[in-house]
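Report on the structure given below.
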Amino acid sequence: MPPIHSAPSSAAPASPAASPAASTAASPAASPSESPIAPPAAVSNADAFRADCLWQHALLAGLSATAGLGLYAAGLRGDTLTVAVAVLLCLSYWATGWLPDFLVSLLLMFLLATCTSLGADVVFSGFTSSAFWLVFSGAVIGMALNVTGLGERVASRLADHCGHAYGLALAGFVAIAFALGIVMPSTLGRIAILTPIVLSFCERVGLTQGRPGRHGLMLATALASCELSTAILPANLPNLVMAGTAETVLGLRLGYGEYAVALVPTLAVVRGIVLIVVAKWLFPDRLTARDVAHKADIVMSVTPVRADEKRLLAALALMLVLWLTEPWHHVAAGWVGLGIALLCLGPLRLVNPDAFLKQVKLAPLWFVAAIIGLTAAVDHAGLANALRPLLARLDLAQMSTMPAYLVLVALSMALTFLVTSNAAPALYTPLVPALAAGAPLGLKAVLLTQAIGISTIALPYQAPPLVLAMALAGIGIRDATRYCLATACVALLTVVPLTALWWHVTGMLRLF
């Protein structure tokens with residue numbers, strides 16, 4: 001995905017409030033050699049429609065049309081059918097990288113706006129979403145962390161503990177992402193805080209732009225923020241949707257402790273190990289700059305915290321307090337982030353507005369808006385509701401325990417492909433009584449099985465918070481897709497069977 005900031009340092013004068021030390025090179029984010037710039041896209045705008053590339057577009061268009069005919073024969077009509085075909089076409093482009101990401105985003109919005117009757121309020125709902133503005137505010141906060149040097153200070157402390165080996169760094173940040181989920185019930189917020197810190201850490205330990213370890217560390221942290229939090233009941237939106245729907249529809253209240261006992265050993269511990277191992281395998285690297293950075297770490301450790309760092313710390317503390325108290329004041333995380341971004345750009349004098357405007361790139365914002373619009377279009381077109389009769393007829397009574405369990409995992413995974421992980425529980429949970437009728441699994445086991453599917457992310461669009469991390473860190477869609485697919489495949493071979501075995505030990509399932 002294209003980066004949030006990529007201008008050279010000459011285009012980014014230091015903030016008036018920044019100290020000389022922080023102003024020497026404007027900021028790490030503004031240096032051409034150190035900025036978190038995504039590698040060149042797999043295909044450029046000019047190359048996408050070369051004569052020898054036309055077969056790619058014909059192939060995807062043909063496959064989408066064929067799928068559309070099949071869905072038409074199955075009974076889909078109107079907006080439901082159109083949305084399904086448009087989404088399939090654009091997801092194929094995102095997965096293959098045969099068009100630049102922002103062109104696919106614009107194509108999706110164009111198709112939904114012109115070929116359906118959903119209306120602009122649905123198609124362009126991404127632009128009014130809290131998540132869209134959290135991307136913007138995350139860019140401002142990330143630049144403030146770099147300009148003031150606070151991100152560097154935090155990264156140097158982490159480097160002391162995790163900067164001795166690449167595998168140790170992966171394990172450290174995956175553990176931090178999980179621990180933060182216990183105290184901060186917002187995946188978007190966790191990613192907005194962690195991303196600039198991870199990028200600063202990468203610079204401290206020599207994982208400069210273009211190094212595979214940089215992508216591995218960022219993707220492992222981002223996916224850990226999304227997937228591992230599924231094991232903690234109030235840590236993310238899908239869990240809250242599942243728990244709320246279960247209480248109102250099924251009359252079943254999930255307890256924090258019993259939920260953690262059922263899912264933490266496998267969905268947090270085993271899946272965390274999977275994220276680390278796959279990142280080390282797909283993005284092999286080693287830390288090379290510890291000796292070079294050691295003297296700088298010593299200087300940083302003895303340098304007192306400057307005034308601009310204190311102002312930024314106060315702003316971040318205020319943001320965290322407002323995020324944690326959202327159930328009381330009902331101001332979404334994106335609007336809180338936007339307010340803090342305005343403080344950084346204005347009264348606190350932490351980020352130079354002119355420098356920010358020269359560095360900001362719009363492509364990540366288009367991508368986030370398109371993903372949110374996709375989810376809204378699928379919901380409003382009734383694509384999920386069209387599947388309810390088919391799902392309700394799924395008969396598990398004729399199966400033994402393990403096959404029934406695997407079918408439910410597959411069903412929950414399939415729903416995340418259709419409506420993303422945020423919306424899947426709203427579709428799955430009301431079906432639990434019908435699915436549990438006569439099934440060899442208890443009601444609670446049928447309900448909790450969806451957590452396994454929700455936490456198995458095979459493509460980035462299934463988890464909107466992951467899209468946010470990609471936007472903030474400048475991670476390309478191809479690298480993110482490779483990592484998601486690999487971790488999903490390994491999880492199917494490890495997390496899924498081990499969860500069934502753990503549930504057998506705890507008495508939730510009877511396998512033998």
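Annotations
- Packing-based ranking, highest mean first, of 229-238, 87-96 given that Cβ atoms within 10 Å are counted: 229-238, 87-96
- Between LEU250 and ALA165, the simple spin-label model (points 7 angstrom out along Cα→Cβ) gives 4.2 nm.
- Computed Kirkwood radius, in angstrom, where 1/r is averaged over Cα pairs of the range 432-512: 14.6 Å
- Net lengthening on full extension, ALA58/LEU324 (0.36 nm per residue, minus Cα-Cα): 90.9 nm
- Cα→Cβ-extended label distance, 7 Å offset, between LEU103 and LEU394, nm: 3.8 nm
- 3J(HN,Hα) couplings calculated from phi for the range 117-122 with the Karplus curve 6.51 cos²θ - 1.76 cosθ + 1.60 (θ = phi - 60°) are, in sequence order, 10, 5, x, 5, 5, 8 Hz; Gly and Pro show x.
- Each residue of the range 100-108 was assigned a 3J(HN,Hα) from its phi angle through the Karplus curve 6.51 cos²θ - 1.76 cosθ + 1.60 (θ = phi - 60°); the sequence is x, 4, 5, 5, 5, 4, 5, 4, 4 Hz, with glycine and proline shown as x.
- Between ALA414 and ALA67, the simple spin-label model (points 7 angstrom out along Cα→Cβ) gives 1.5 nm.
- Phi angles of the range 435-452 translate, via the Karplus equation with coefficients 6.51, -1.76, 1.60 and θ = phi - 60°, into HN-Hα couplings of 5, 7, 4, x, 6, x, 10, x, 4, 5, 5, 4, 5, 6, 4, 5, 4, 5 Hz per residue; Gly and Pro are given as x.
- Sorted peptide list for 452-459, 105-112, 303-310, criterion being average Cβ within 10 angstrom, highest first: 452-459, 105-112, 303-310
- If you wrap the tightest convex hull around every Cα atom of the range 127-256 and split its volume per residue, you get 118 Å³.
- Label point 7 Å beyond Cα of ALA74 along Cβ direction - residues of the range 89-133 with amide nitrogen under 18 Å: 89-92
Computed from the coordinates by the stated procedures, all read-outs in this text should not be read as laboratory data. What you see is a predicted model, and the numbers here were worked out from it, not measured in a lab. As a convention, Cβ positions derive from the backbone with ideal geometry for all residues, glycine included, and neighbour counts pool all protein chains shown.
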